[in-house]
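The values are calculated or read from the model by the stated rules, or taken from the named source; none is laboratory data. Predicted, not measured: the structure shown is a model, and the values here were computed from it. Cβ placement follows ideal geometry from the backbone for every residue including glycine, while neighbour counts extend to all protein chains displayed.
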C-alpha cells in the first residue's frame, strides 16, 4: 500500500499515543533560549526543545512524549539534490524521560516499522555501539541481543565506533550514550544477506539513543541518574522507503510544487530542480516562523536559500519571478498540518481569500501567507536586478580571482558558490588562492564596517554572529591537530564555514581511521580546555614564512599580512610541526577570531569522507 504524508503522520502519532505517549506540538524552527539553543541558528533535531526534560526537569505532559518536529539543517547542503538530503525536513520522535529502557524502545521501533508500516524485516539492518574500554563504556551487546530476538540476524548487525553510534554530550559535559541505528534496503531486488553500512543503498531511517552516561568536566563517564531514550526518524526518508519511491523528492511532499515548476521550465535538470524545490520550501518555513531575509544570522540563511534557488531557476530558463507561485503549492501540501500549543485546529498555513500580483496572479488565502509571499517576491525582485549583470561579468572574464569574486558578492549579491559554479559552467578559470583572497578581502571589509563576525554559507561569507567567529578559530585548531596526527604532508585545500558547522578539505591520501579521528578531537578539545590566547600581528609575508605560519603564499598579498597565533610563544611545549616553540597554531588569515580558545565549547567531527583524489573532507561542529 502507498501512504500519503498525512497518513504516515497519523499512523506514527496514533501508534505511540496508544502506547501511552503524550503528543506535543512542533516547536518553532528558531530555537528558544535553552542550553543548546544558542549553539545553532535553527532547530536541527526534535530533542532540542526537550533538553531541560532530558536533563531531569519534569515535563508537564509526562514521561512519555511523541511529536513530529520541523527542522532546518544546512550542514549537508552540498548533498541537497541527491536522493536523501533536504534542508527543511520533519523529524519523527518519541522519548522516554526516565521511564522505559532499551528493550521497550527497540520493540516500539521494530513494531512500528514492520507491523504498522509493513516494512519487511528481511529488508532491515542495524548498527550498535562497539564500546570504548578506555572510558569503561561496554560494547552494546544488549541492544544487539534485543534485535536478534526480533529476527534480525547477526549478518545484519554491525558494531561501530563513537563517530557513528554514540550521541553527545551537547557540550563538553552532560548526558550522552550509545545508540542503535536502523537501516532499510532501497536497492533493487532482495537485500544482501550481509549488511554493509557503507553501501548507500542501505538508508538510515531511524535512531534509538540511550542516554545512560553523564560525562564530567574531567572527561570521565558516570552512570546517569535519569536514563532516557531519544528516538528520531527522518519523516521524508520513511515516506520514501515505505512507498518504494526513487528518492525523497518523489513523494506527495514535493508533488504539487514539482508540477508547477515543470510548467515554468525551458530546460530540465533533475538536480537543479530538486535544489529549487528544497530551498524554496526551506525559505518558506523559516519566514513562516518570523524570520525575514537579511545579512545576519537566520535571515542570512533565508537570503542565501532564495538567491541560490533563483540562480538555479535562471539556469533552467525561468526569467520571471516564480517563487510565489511555487509557494502557493507548498501551502496546499502542508495545509492543516501544524497546530498551536493548545492543540486547537489552527493551521500555520491556513485558508482565506486575497491576491498578490508578482508578475503573475497567485491566490493568497490569509495574512500569514501574504507575508510569506511578499517576503519571497521582494527578495527575488531585488536579486534579479543584479543577477544578470553579475552573470554577464563572469562570462566576460578569462580568469577570475579573489578580487573579482568579492566584487560579484559585494556589488551584485552573488554568493561565492554561485560565482564559482557559473565560472566552471562557462569555462572561466579560477585563479589559485582566489577563495582565500576573497575571504581576506571580505574580512577586511567587515572590520572596516565594524561588523563583529564573518561566516560562510556554502562558501558565501557574511556576518553570522558570534558562533561563526568561533568556527573560524576552530578551523585553525583543526589544521594543526590534523598535522600533528597525520603528519606535515597535510595542507588546507579549502574551507567552508557557516553558523552551524565547519567543512574542511585537506591533503591526505587515505580515509582516516576511527582512532585518528578520536585523536584529532581529543587534541582540539584539550587545547580548548587550556583556554589558549589568540593573538594577531601584522608582518610581511617573508616574516610570516620564517615564523612557520601556514598560508597560501601564491595569493596576491599586500605588503603586510595578518598572522593569528594560538598559544603563548613563551611556553616551552611546542606541539605543531613547523611552528615556533610554544605555539599550537600560526596562520595567515583575515580574521575575525575569538580571544581565547575556551570560548569555543566542545569540538566534534560529524563526518569524514573523500572530497577528490588525494583530498579528504571533514565536517565538524562546536557543541
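Tally time: how many residues in the range 595-623 are closer than 29 Å to residue 538 by Cα and surrounded by fewer than 18 Cβ atoms within 10 Å (Cβ to Cβ)? Step through it out loud before you land on a result.
So the first thing to find is which residues in the range 595-623 are closer than 29 Å to residue 538 by Cα, and the list is 595-601, 603, 622.
With the extra rule that they be surrounded by fewer than 18 Cβ atoms within 10 Å (Cβ to Cβ), the set shrinks to 595-596, 598-599.
Here the count works out to 4.
Here is a check on your reading of the model: is residue 490 modelled with pLDDT of 85 or more and over 21 Å from residue 505 (Cβ atoms)? Break it down stepwise before answering.
Working: modelled with pLDDT of 85 or more: yes; over 21 Å from residue 505 (Cβ atoms): no.
For residue 490, the condition - modelled with pLDDT of 85 or more and over 21 Å from residue 505 (Cβ atoms) - is not met.
Criterion first (in a strand (DSSP E or B) and modelled with pLDDT of 95 or more) does residue 159 satisfy it? Yes; evaluated as a whole, the condition is true for this residue.
Only one entry in 204, 222 is touching a strand residue (DSSP E or B) at 6+ places or on another chain (Cβ under 7 Å), without any contact (Cβ under 8 Å) to a residue 12 or more places away in the chain and either farther than 28 Å from residue 12 by Cβ or outside any helix (DSSP H, G or I) (or both), namely 222. For the range 382-403, filtering for residues that are without any contact (Cβ under 8 Å) to a residue 40 or more places away in the chain, crowded, with 18+ Cβ neighbours inside 10 Å and not in a helix (DSSP H, G or I) leaves 1. Within the range 11-27, is there a residue that is in contact with a helix residue (DSSP H, G or I) (Cβ under 6 Å, 6 or more places away or on another chain), crowded, with 18+ Cβ neighbours inside 10 Å, at pLDDT 85 or above and part of a loop (DSSP other than H, G, I, E, B)? Yes, the conditions are met somewhere in the range 11-27. Within the range 115-156, the set of residues being touching a residue at least 40 places away in the same chain (Cβ under 8 Å), farther than 24 Å from residue 242 by Cβ and in a helix (DSSP H, G or I) comprises 135, 142.
Residue 293 passes every criterion in (1) crowded, with 18+ Cβ neighbours inside 10 Å; (2) modelled with pLDDT of 95 or more apart from (2). For the residues 44, 23, the requirement of being under 16 Å from the mean Cα position of the chain (by Cα) and within 28 Å of residue 285 (Cβ to Cβ) singles out 44. Scanning the range 79-102 for residues that are outside any loop (DSSP other than H, G, I, E, B), in contact with a helix residue (DSSP H, G or I) (Cβ under 9 Å, 6 or more places away or on another chain) and over 11 Å from residue 236 (Cβ atoms) returns 93, 94, 95, 96, 97, 102. No other residue among 230, 214 is touching a strand residue (DSSP E or B) at 6+ places or on another chain (Cβ under 9 Å), over 21 Å from residue 110 (Cβ atoms) and in a strand (DSSP E or B) apart from 214.
Residues that are modelled with pLDDT of 90 or more, farther than 23 Å from residue 610 by Cβ and in contact with a strand residue (DSSP E or B) (Cβ under 6 Å, 6 or more places away or on another chain) do not occur anywhere in the range 502-509.
In this structure, does residue 287 turn out to be in a helix (DSSP H, G or I) and closer than 17 Å to residue 382 by Cβ? Spelling it out, residue 287 is indeed in a helix (DSSP H, G or I) and closer than 17 Å to residue 382 by Cβ. Only a single criterion out of (1) touching a residue at least 60 places away in the same chain (Cβ under 8 Å); (2) at negative phi is not satisfied by residue 56, namely (2).
Of the candidates 183, 195, the single residue that is surrounded by 21 or more Cβ atoms within 10 Å (Cβ to Cβ) and part of a loop (DSSP other than H, G, I, E, B) is 195. For residues that are in contact with a helix residue (DSSP H, G or I) (Cβ under 8 Å, 6 or more places away or on another chain) and surrounded by fewer than 20 Cβ atoms within 10 Å (Cβ to Cβ), scanning just the range 118-140, find the one that is nearest to residue 213 (Cα to Cα). Filtering first and then ranking leaves 132.
Residues that are in a helix (DSSP H, G or I) and surrounded by fewer than 23 Cβ atoms within 10 Å (Cβ to Cβ) within the range 68-78 comprise just one, 78.
Based on what the data block shows, is residue 319 farther than 28 Å from residue 31 by Cβ and free of Cβ contacts under 8 Å to residues at least 40 places away in the same chain? Yes. The set of residues from the range 488-509 being touching a residue at least 24 places away in the same chain (Cβ under 8 Å) and in a loop (DSSP other than H, G, I, E, B) comprises 488, 491, 498, 499, 500, 501, 508, 509. All of 337, 286, 318 fail the test of being within 27 Å of the chain's Cα centre (by Cα) and modelled with pLDDT of 90 or more, apart from 286. Residue-level check: of (1) closer than 28 Å to residue 124 by Cα; (2) free of Cβ contacts under 8 Å to residues at least 24 places away in the same chain; (3) touching a helix residue (DSSP H, G or I) at 6+ places or on another chain (Cβ under 9 Å), residue 233 misses just (2).
In the range 355-381, the qualifying residues are those that are modelled with pLDDT of 85 or more and either out of contact with any helix residue (DSSP H, G or I) (no Cβ under 9 Å at 6 or more places or on another chain) or not in a helix (DSSP H, G or I) (or both), and the one that is farthest from residue 409 (Cα to Cα) is 370.
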